[in-house]
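The values are calculated or read from the model by the stated rules, or taken from the named source; none is laboratory data. From a predicted model like this one, the values you see are computed outputs, not experimental measurements. For neighbour counting, all protein chains shown are included, and Cβ atoms are generated from backbone atoms with ideal geometry for every residue, glycine included. When the accessible area is computed, the model is the full protein with side chains, heavy atoms only, and any ligands, DNA or RNA have been set aside. Shrake-Rupley method; radii C 1.70, N 1.55, O 1.52, S 1.80 Å.
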Amino acid sequence: MIFLTKIRRTVSMAVRNLWLHKLRSFLSVLGIIIGTAAVISLMAFGEGSMQDALEDIKKQGLTNVIVTSVKPPEEATSQRRSFVANYGLTDDDHRRFVETLKNLVTATLPMRVFPAELRPVTDSRLYNGRVVGTTPRHAIVYKLEHMIAAGRFLTEQDEEPIPRNVCVIGSELAAELFPGEDPINKTIRISGKDRAFVVVGVLKDRMPNTSGAEIEKYNGDMYIPLKACRSLLGEISFIRATGARGAEKVQLSQVVLTVDDSGDTDTVRDRVRGVADIVRTQLSATHPKKDWDIRIPLDRLEEAERTRDRYRILLAFIAGISLLVGGIGIMNIMLATVTERTREIGIRRALGAKRSDITLQFLLEAVVQTTLGGVIGVLVGLSMVFLVPYVASQFNYRVPAAIHNWSIILAFSVAVAVGILFGWYPARRAACLDPIEALRHE
Amino acid sequence: MRVIARVENLTKHYFLEGEVVKALRGVTLSFEEGDFVALMGPSGSGKSTLLNLLGCLDRPTSGRYFLGNQDVSTMTDDQLSEIRSRYIGFIFQSYNLIQQYTVVENIEVPMLYQGKVDASTRRRCIRLAEMVGLGERLNHRPTQLSGGQQQRVAIARALVNDPHVILADEPTGNLDSKTSDEIMELLCTLNEAGKTIIMVTHENDIAAWARRVVRMRDGKVESDVRTAPLTSPGSTLASVMP
């Protein structure tokens, strides 16, 4: 009770003293303000971009193992024997995966992807996009349930009994081929083929996938039933797109294996790794050439998380330095204050103040300063977090920001701690003054 | 009369630039309750050192000091702070008020360090301010007061903890003669009400207000003369001194 009264008195006294020297107090806490604001905003922007990256990876499905066909190096260089490059995953591979992994994998998604020139039947517009032959499972594996802007995704009826010539298209493709029109029920032709595909669905804008060797821009994709794709192309894909011309015999471009996600995180992680190992062993045994690759989004997630941790440590270090500088500013001012108020210290000691009372007084003054500085810094930091992405969006830049409650609490409590840490020495110096000397001080 | 403070063979040595300065060389004195003592002597005679020791601001090199019936000569720094806040009232030559505080808040400071701040303390501070004639200026700050008024605040502050002894260090040193007389009259009134006062001065006409004059020279008591008899405490201030 007495202690609380003392604290209350001392705090009100500290505030009064600070108000007495407004400019000086402001300048001395400027370091703390800048430091705190920097911590809050840097953390928000850092976390924001990291979260974007993590989301990106999560969208690929953390329980997925992605097996892709890769053109082996020798095929790419020596094309003497045949014009057609023959490599990659086969339907047999897919069948073997389904067979051996049926207890570990809940879904497999074979896909055939090739670049193509796409144009509306009625128009001369042209778009260099990608044709993706796939199955209705695509929507589940790539989590497209909420990404449909109009119409629907491919269904079982599009595959069986007779493959239909329908397609679902990405947002950019829709905008390029049918500007200002409703693309549903319009028809698209693939250059060099005599078949047209009716648009049954349009997807929303999707973030590109930057995790592979090449960036996958989903927004220019055209999804057609895998069976339709096969009957269209036969076994050979003729590549006719920007810069590339040639033919490839690739049965499947990619197989996505969705691993059973029951059980706790560690179990699922081990299962994903196990599936990847089995696939690797199997493909190594059946493919003489290394014409395949395995991507595990989970591995990339862990790598991204490690990157994030490193970034956080770096940030903490920068924050530490800026708050150290702020703390030195506070200490400097407090030392000057102690000298300036030596006589007051003498008076208080003569009237019965213990050393601990004097320590408390000056320590609280420092803490009040850094606390106020912390509060202002948090406000400045928060307004920057809201302002910078807004201003950037005016110039068509995207600055992702994510504020964590703990970053505010952290920045604020560090500011207070800096007050205690850097106020301690001046406060002790004040307390250890000889009362007689202090009273004589002019 | 009861002895309220007693020093026995008190010495105080300072170390100044490698040399020992013997400020007090064995002082033995006792002060009775209700006395008004003037400590006199040329500068360097040790009177200020003695006052600092009496005020528990410093510890003697040797000898003993009893305040009330406690031996304070060997107490720790914290214990001395406690003694100062409970049993001693200070009046300084340059008033030594805290500039940021109002009149009432200044009077309250010793109570703050006793840990007694409540509404009744505040009322007592206001009554003391009224008693020294500053009832109209309770919320003024020291810079808004004249020297005499500031010294009155200091006197009220010296009374707030109802001390055993009031120590005054040249209380009129910064004041003109008319104001000095007013301050001395106030101190006399307090003494008549039973307050024990020990005052350092080098002016004879100020010392003339006291009942006993102790002269010092070279760290020793030179003379000790009673100039007026000790009387039993009056009751003029009984209302403000619970």
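Details
- Residues that are closer than 18 Å to B:N174 by Cα and free of Cβ contacts under 8 Å to residues at least 12 places away in the same chain occur at least once in the stretch B:135-145.
- Residue in the stretch B:124-147 that is open to solvent by 30 Å² or more (accessible area, probe 1.4 Å) and on the phi > 0 side of the Ramachandran plot present: yes
- Selection count where residues are open to solvent by less than 10 Å² (accessible area, probe 1.4 Å) and in a helix (DSSP H, G or I), scope the stretch A:339-358: 7
- Restricting the stretch A:147-197 to residues that are of a type in the set (D, E, K, R) and within 17 Å of A:N219 (Cβ to Cβ), the residue that is surrounded by the most Cβ atoms within 10 Å (Cβ to Cβ): A:E176
- Residue list for the stretch A:283-292, restricted to those being surrounded by fewer than 16 Cβ atoms within 10 Å (Cβ to Cβ) and not hydrophobic (A, V, I, L, M, F, W, C): A:S284, A:T286, A:P288, A:K289, A:K290
- For B:Y101, the conditions (1) modelled with pLDDT under 95; (2) away from chain A (no Cβ under 14 Å) all hold with the exception of (2).
- All conditions in (1) under 28 Å from A:D261 (Cβ atoms); (2) basic (K, R); (3) modelled with pLDDT under 85; (4) crowded, with 18+ Cβ neighbours inside 10 Å hold for A:K6, with the sole exception of (1).
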